Amino acid sequence: MNDFETQIAFFTILPNNKIEKKYKTKYQHLFQDTIFKELLEINSHSMINLCKIDIKNRTMVYEYFVSVNLREKLKSHQKISYKELIHIFKQMAYSIDFLHKKNITHIDINDTNFLINDNLEIKLNDYDFIEIINEKNQSLKQIDVLAFAVLIYRIIQLPYQWSSIKHLKLGFNSNYINYSSCEDFLSSLNINEK
């Protein structure tokens, strides 16, 4: 893979299986050194881990994970079985709940912020909008849980968008969603790996 850029940042592939992100001048306000320092302390198999920050140059170095985002995977022609899809959902829930247990909320849960590799391992990515959870903003966790529920709903109810799971039929209860974690929400769907 070559270096690339997005709307807000330049990315450089480093030789040690790492990737460097440098914010474009217009978006440097997204570089939150205090919060990113918190992320440096976290190491999880369920998220793209931050390895280093350079406050002066407003850059971050992440682990490199050979993958595509979940949206690309679901639109691909590779079939995903019911069991595999449930496993993907559980990994997604775990990654969000893991951050919440560390008193961090993601705020931008969507299908492009989950990376997935050929072994269907999922990692949460993109920490531009994360916030530290404190006594005043406990409700921020609910934003992530609701965004996760909407994402799962879209995947389940709109399978014609996703060529890889057209063949699956899953039910979704659209009652008011008020769950304390993403794993609680998944449990409410009564879905199991078969």
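Residues in region 3-47 that are in contact with an Asp or Glu (Cβ under 9 Å, 6 or more places away or on another chain), β-branched (Val, Ile, Thr), closer than 25 Å to Thr105 by Cβ and not in a loop (DSSP other than H, G, I, E, B): Ile19, Ile35.
Somewhere in region 123-133, is a residue modelled with pLDDT of 95 or more and either open to solvent by less than 10 Å² (accessible area, probe 1.4 Å) or among the aliphatic types (A, V, I, L, M) (or both)? Yes, that holds for at least one residue.
In region 38-47, the residue that is modelled with the highest pLDDT out of those that are open to solvent by 10 Å² or more (accessible area, probe 1.4 Å) and touching a strand residue (DSSP E or B) at 6+ places or on another chain (Cβ under 7 Å) is Leu40. Restricting attention to region 145-158, does a residue exist that is at pLDDT below 95 and not in a helix (DSSP H, G or I)? Taking every residue of region 145-158 in turn, at least one turns out to be at pLDDT below 95 and not in a helix (DSSP H, G or I). In region 22-40, the residues that are without any contact (Cβ under 8 Å) to a residue 60 or more places away in the chain and within 13 Å of Asp54 (Cβ to Cβ) form Cβ pairs under 9 Å with partners that are open to solvent by 20 Å² or more (accessible area, probe 1.4 Å) and assigned to a helix (DSSP H, G or I), at six or more places apart or across chains, as follows: Tyr23/His29.
Condition first: open to solvent by less than 10 Å² (accessible area, probe 1.4 Å), modelled with pLDDT of 95 or more and closer than 20 Å to Leu186 by Cα. Can you find one or more residues in region 48-69 that meet it? Scanning region 48-69, I find no residue that is open to solvent by less than 10 Å² (accessible area, probe 1.4 Å), modelled with pLDDT of 95 or more and closer than 20 Å to Leu186 by Cα, so the answer is no.
Give Lys75, Lys136, Lys141 a once-over and let me know the one that is closer than 22 Å to Leu189 by Cα and either open to solvent by 20 Å² or more (accessible area, probe 1.4 Å) or out of contact with any Gly (no Cβ under 6 Å at 6 or more places or on another chain) (or both). Step through it out loud before you land on a result.
Working: Lys75 fails: closer than 22 Å to Leu189 by Cα; Lys136 fails: closer than 22 Å to Leu189 by Cα.
Being closer than 22 Å to Leu189 by Cα and either open to solvent by 20 Å² or more (accessible area, probe 1.4 Å) or out of contact with any Gly (no Cβ under 6 Å at 6 or more places or on another chain) (or both) holds for just one of Lys75, Lys136, Lys141, which is Lys141.
Contact map, region 128-149: first residue under 9 Å from His106 (Cβ atoms) and touching a residue at least 40 places away in the same chain (Cβ under 8 Å), second residue open to solvent by less than 80 Å² (accessible area, probe 1.4 Å) and part of a helix (DSSP H, G or I), Cβ cut-off under 6 Å, separation 6 or more or different chains; pairs are Ile130/Ile35; Glu131/Leu140; Asp144/Ile96.
Taken residue by residue, region 11-19 has no member that is among the polar types (S, T, N, Q) and open to solvent by less than 20 Å² (accessible area, probe 1.4 Å).
The values are calculated or read from the model by the stated rules, or taken from the named source; none is laboratory data. Keep in mind it's a predicted model, so treat the numbers as computed, not measured. Because the Cβ atoms are built from the backbone with ideal geometry, glycine has one as well, and the counts that use them run over all protein chains shown. Note: areas computed on protein heavy atoms with side chains; ligands, DNA, RNA excluded. Shrake-Rupley method; radii C 1.70, N 1.55, O 1.52, S 1.80 Å.
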